[in-house]
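Written below as structure tokens is the structure these notes are about.
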Amino acid sequence: MNALPIVLFWLLICCAIIRRPPFALYLFFATMPFGACAAIPTNLTGGLTFVATPIVALIIIGKTFLARGGPSSFLTLALLPDRLLCLFAFWIVASVATLFMPHLFAGDILVVPVRGVLSTPVPLHPTTQNLSQWVYMTISVFTVFAMARLLQNPAMRQHALQSICLGAAMLIATGLLDFASQYLPLAAVLTPFRTASYALATEVEVLGSKRVVGLMPEASAFGNYCLGFLCALHFYRRAILSQTLRDRICPILLVLLVVLCWQSKSSAAYVGLAVFAAMAALEWLLRAHAQGRGAHVYRQGLMGELSVLVTILVAITLALLFKPGLLDPILALIDRMVLQKTSSLSYEERGMWRVIALSSLFDSHGFGIGLGSTRSSSSIVAVLSATGILGGVLFYAFAAQSFFRSPRYATVESEIIMSAFRFSYVPMIVVSLMIADANFEPLTGFGFGITAALAIAQAKRRGMGHVPEGSPAQPPASLSAVSMDQAALLPNGAATS
């Protein structure tokens, strides 16, 4: 029975190899919720767990690189400062640190191993985790390269945005199955997808109720993915052409993602939800005050979004009038998972990981000790401890470059997507400071890739003479799959060519 998901996955991989690139894009997002499922039997990998999404990413990288002009395009991306040079340089630094530093500082630096006893520091020594984490980082970096080339095509951007909806739907389905497993005998359905070799915390309860984990290893990972898809869907959806998908299906998915994020009972996810709400409010205000040509595009849906919020607030107020204690369980959960977090054993343990990881940076004289050498439970600490000061500067310089990308000759589509990346990235980076490792999530990699792709596409348009040098950016008049660089959504949500 456990072999069935593996066989099905590899059949889909064969389809991704044979079929055109959009299929692999849909599979890339659809496999993200299966973080507890080993795509290769662990007895064949020496105990290492390789999940599905990085393998699909390898297919996307390979097909993009082997396409006509692929090698030269990748080389150009790697060498030009305004493209992906900082990310490529970061990967080189990370590779050198991972290859040499665990051997160079072996026995001299205390670390908390990624696998093994997590409460006691041990002397640094090379492990298989160095290799596996380097492989994952390499795949993540070159996925950004592949996305930056692939998503220069307007039609591919639409496929990518629709793929996010598919990934969100799959995550919701796995979460609902896990939630229902409290009341129905669904073990035979879920167990074949929980084959990872690392520890799985799938039956944890908080305040008498189960933490929903879906098919992820633990609730915090599931909550993080719910938050990631929530941010991506909310902010990117206005660039989706399909009115049905954008205005009818996406709102349903957003509501379900909020519910499941709450049910994950993850402290980091709750903090992320608060930051997401702040970013959504800020984006709403900025859209409401948009000026100039094309402003109607940004104001589209404002009243509908406001009416939903007002309706929810009115409903809660009326409910509290009849049942004043209605919010007590919610407030108790927030108090338990957020306000009392600093007194929990897990908070103290994660704090110890961060201190040990940060100490390794100084003990290695700022060079770092390589990927996979120590636990950290914080992305910035993990990047610095693994790749040193140089690696940290390069990675966060690239993140800042992606965040502030703004093509001089922007279209409404590019402005919507780049704005969406900025607003969606803030909650994710806040959460990553609390629970993540050195590698960045696939959704973040997608954001890096699509912003780079749009910047490159705009530069090519200027170079080909589509936009006169020195002219202001012209807001497009319509949005169509044929000419996305001359497109925008109409106020009524329809699209014309």
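The values are calculated or read from the model by the stated rules, or taken from the named source; none is laboratory data. This structure is a prediction, so every number in the text was calculated from the model and none was measured. Using ideal geometry, Cβ is built from the backbone for each residue, glycine included, and neighbour counts are taken over all protein chains shown. Note: accessible area is taken over every heavy atom of the protein model, side chains too, but ligands, DNA and RNA are not part of it. Shrake-Rupley method; radii C 1.70, N 1.55, O 1.52, S 1.80 Å.
The table below gives the values:
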read-out	value
Residue-normalised accessible area of region 1-138, expressed per residue, 1.4 Å probe, Å²	49 Å²
For region 212-280, accessible area per residue (1.4 Å probe, heavy atoms of protein chains only), Å²	28 Å²
Residue 303-residue 243 FRET efficiency (beta carbon distance; Förster radius 25 Å; 0.05 resolution)	0.90
Listed residue (423, 120, 189) projecting farthest to the positive dipole end of the chain, Cβ model	423
Under 20 Å from the residue 274 label point (7 Å along Cα→beta-carbon), backbone N, region 424-456	424-436
Distance between modelled label sites at residue 11 and residue 184, nm, 7 Å Cα→Cβ extension	2.3 nm
Separation of the residue 344 and residue 207 label points, Cα + 7 Å toward Cβ, nm	1.2 nm
Region 221-324, dipole about Cα centre (Lys/Arg Cβ +1, Asp/Glu Cβ -1), debye to the nearest 20	140 debye
Label-point gap, in nm, between residue 397 and residue 331 - each point 7 angstrom along Cα→Cβ	5.0 nm
Among 174-181, 10-17, 380-387, the order from most to least packed when residues are scored by Cβ within 10 Å on average	380-387, 174-181, 10-17
Length released on extending from residue 66 to residue 288, taking residue separation times 0.36 nm less the Cα-Cα span	75.4 nm
Under 14 Å, Cβ to Cβ, from residue 304 - net charge with Lys/Arg +1 and Asp/Glu -1	+4
Two-site FRET efficiency, residue 359 against residue 433, from Cβ-Cβ distance with R₀ of 30 Å, rounded to 0.05	0.95
Amide H contacts of residue 206 (H built 1.01 Å from N, under 5 Å, at least 5 apart or other chain)	211
For the chain, size of Cβ-based charge dipole, Lys and Arg +1, Asp and Glu -1, in debye	1100 debye
Sum of -39500 (n - 2.57) over DSSP H runs of 4+, divided by residues of the chain (222 nm, nearest 500)	-20500 deg cm²/dmol
Translational diffusion coefficient (Stokes-Einstein; Kirkwood radius from C-alpha pairs) of region 97-234 at 37 °C, 0.692 mPa s, in µm²/s	178 µm²/s
Net length gained if the chain between residue 322 and residue 255 were fully extended (0.36 nm per residue, minus Cα distance)	21.7 nm
In Å², nearest 10: area of residue 365 left accessible to a 1.4 Å probe	140 Å²
Per-q log10 I(q)/I(0), region 7-50, q = 0.14, 0.16, 0.31 Å⁻¹ (Debye; single scatterer per alpha-carbon; no solvent)	-0.38, -0.48, -1.08
At least 30 Å along the helix axis (C-alpha) and Kyte average at least 0.5, DSSP helices within the chain	128-150, 154-180, 267-288, 302-322, 412-435
Percent accessible area from carbon and sulfur atoms, the chain, protein chains only, probe 1.4 Å	70 percent
Contact order relative to length of the chain, as percent, for alpha carbon pairs under 8 angstrom and 6 or more apart	21 percent
Solvent-accessible ranking of 417, 334, 356, largest area first, probe 1.4 Å	334, 356, 417
Long-range Cα-Cα pairs in the chain (distance over 45 Å), rounded percent	12 percent
Solitary cysteines of the chain, where the nearest other Cys Cβ is not under 4.7 Å	14, 15, 37, 86, 165, 231, 250
